[in-house]
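One structure, as structure tokens, below. Some questions next.
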Amino acid sequence: MRRIPLPVLATASLVLVTLALALVFFVAPNDADQGFSQRIFYFHVSIAFTAYLCFGAGAWKALRHLWKRDPRADLESYVAVHQGVIFGVLVLLTGSIWAKISWGHWWVWSENQLVLFLVLFLFYAAYFMLRFSVDPGPQRANLSAVYALFGVVLVPVSFLAIRLSQSLIHPQVFTRHGPNFGGWILAAYIVSQVAVLVLAYTLYRVELAGKLLDVRLRELRLA
Amino acid sequence: MTTAEKYVTAAYCVVFGVVLLYVVIIALKVQRMERDIDKLEQERDG
């Protein structure tokens, strides 16, 4: 399969993020309940879904590595998990800022959604401790792959926690009947989601290119 | 600027800042590795 060139991806990211910001700040109306502060939602939720997707992609590549013993799949799994952790940091930071303005607290320990996302984030943060505590080679790749596969179980738990939550402080925006919003709010959200996904894929490709250079450098040093 | 506007601005600035920092770190790393590769290839060939 032919890959999209990096400059094209970078340009697409820039255009989409600019368009998303224009829609978020100049077109989408103020939320009737939360007012202006609801505008954090567009990127916060998009980033959260992207983080879940990155962890899912990391697990898929890990499975591919265990199945086909492809060293590139191990690198791809590592990069996807790394992206997931970076987007996870952004979810926690933007979520905390939104929580402060909406609930008056930076963090609420009684909220299942928040705590389970933190557990998921810490689980994947520990992936790097495991990976870098083992010397490079097949053993490290296999251990990392198994760990990434285990972690993906937490993704649906974290995603569904909002529906299992009793207190329902955290808003539920997607139900079985579709999103709880429409019009320009939905349009701004869709564009933001696409923009963040394209940005994440661009960063993934940039980091993967860097990792492949790193492999080449190691080979040259050993030669 | 209202309090809500300040918090929303802060949230988007955090996203922008983290992404920018990430891109700068990766770019510097890639630049350094490309330099090292060129040097090693020159040593190997010459």
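The values are calculated or read from the model by the stated rules, or taken from the named source; none is laboratory data. Just so it is clear, the structure is predicted and the values come from calculations on it, not from any experiment. Neighbour counts run over all protein chains shown; Cβ positions are idealised from the backbone, glycine included.
Suppose the filter is basic (Lys, Arg), modelled with pLDDT under 95 and buried (at least 18 other Cβ atoms within 10 Å of the Cβ); does residue A:3 pass it? Please lay out each step first, then the result.
On the way: basic (Lys, Arg): yes; modelled with pLDDT under 95: yes; buried (at least 18 other Cβ atoms within 10 Å of the Cβ): no.
Answer is no for this residue.
Out of the stretch A:196-223, which residues are of a type in the set (Gly, Ala, Ser) and either more than 11 Å from chain B (Cβ to nearest Cβ) or free of Cβ contacts under 8 Å to residues at least 24 places away in the same chain (or both)?
A:210, A:223
Filter the stretch A:23-72 down to residues that are touching a His at 6+ places or on another chain (Cβ under 9 Å) and surrounded by fewer than 22 Cβ atoms within 10 Å (Cβ to Cβ), then give me how many there are. Can you show your working first?
Let us first name the residues in the stretch A:23-72 that are touching a His at 6+ places or on another chain (Cβ under 9 Å), namely A:54, A:58, A:71-72.
The next check asks that each one be surrounded by fewer than 22 Cβ atoms within 10 Å (Cβ to Cβ); those that pass are A:71-72.
Matching residues across the stretch A:23-72 total 2.
Sticking with this structure for a sec: Take residue A:162 and tell me if it is modelled with pLDDT under 90, part of a helix (DSSP H, G or I) and touching a strand residue (DSSP E or B) at 6+ places or on another chain (Cβ under 8 Å). Let's see the steps before the verdict.
On the way: modelled with pLDDT under 90: yes; part of a helix (DSSP H, G or I): yes; touching a strand residue (DSSP E or B) at 6+ places or on another chain (Cβ under 8 Å): no.
When the stated conditions are applied, residue A:162 does not pass them.
Let me ask something else about it. Just give me the residues in chain B being facing chain A (nearest Cβ under 8 Å) and not in a helix (DSSP H, G or I), in sequence order.
Passing the criteria: only B:2.
While we're looking at this one, here's another question. How about the stretch A:139-153: which of its residues are surrounded by fewer than 19 Cβ atoms within 10 Å (Cβ to Cβ) and out of contact with any Asp or Glu (no Cβ under 9 Å at 6 or more places or on another chain)? Walk me through it before giving the result.
Initial filter on the stretch A:139-153 (surrounded by fewer than 19 Cβ atoms within 10 Å (Cβ to Cβ)): A:139-140, A:142-143, A:146, A:149-150, A:153.
Of everything in the stretch A:139-153, those that are surrounded by fewer than 19 Cβ atoms within 10 Å (Cβ to Cβ) and out of contact with any Asp or Glu (no Cβ under 9 Å at 6 or more places or on another chain) turn out to be A:139, A:143, A:146, A:149, A:150, A:153.
Still on this structure: For the stretch A:26-40, check the following and say yes or no: at least one residue is closer than 25 Å to residue A:82 by Cβ and away from every other protein chain (no Cβ under 11 Å).
To start, the set of residues in the stretch A:26-40 that are closer than 25 Å to residue A:82 by Cβ comprises A:40.
Restricting the remaining residues to those that are away from every other protein chain (no Cβ under 11 Å) gives none.
Among the residues of the stretch A:26-40, not one is closer than 25 Å to residue A:82 by Cβ and away from every other protein chain (no Cβ under 11 Å), which makes the answer no.
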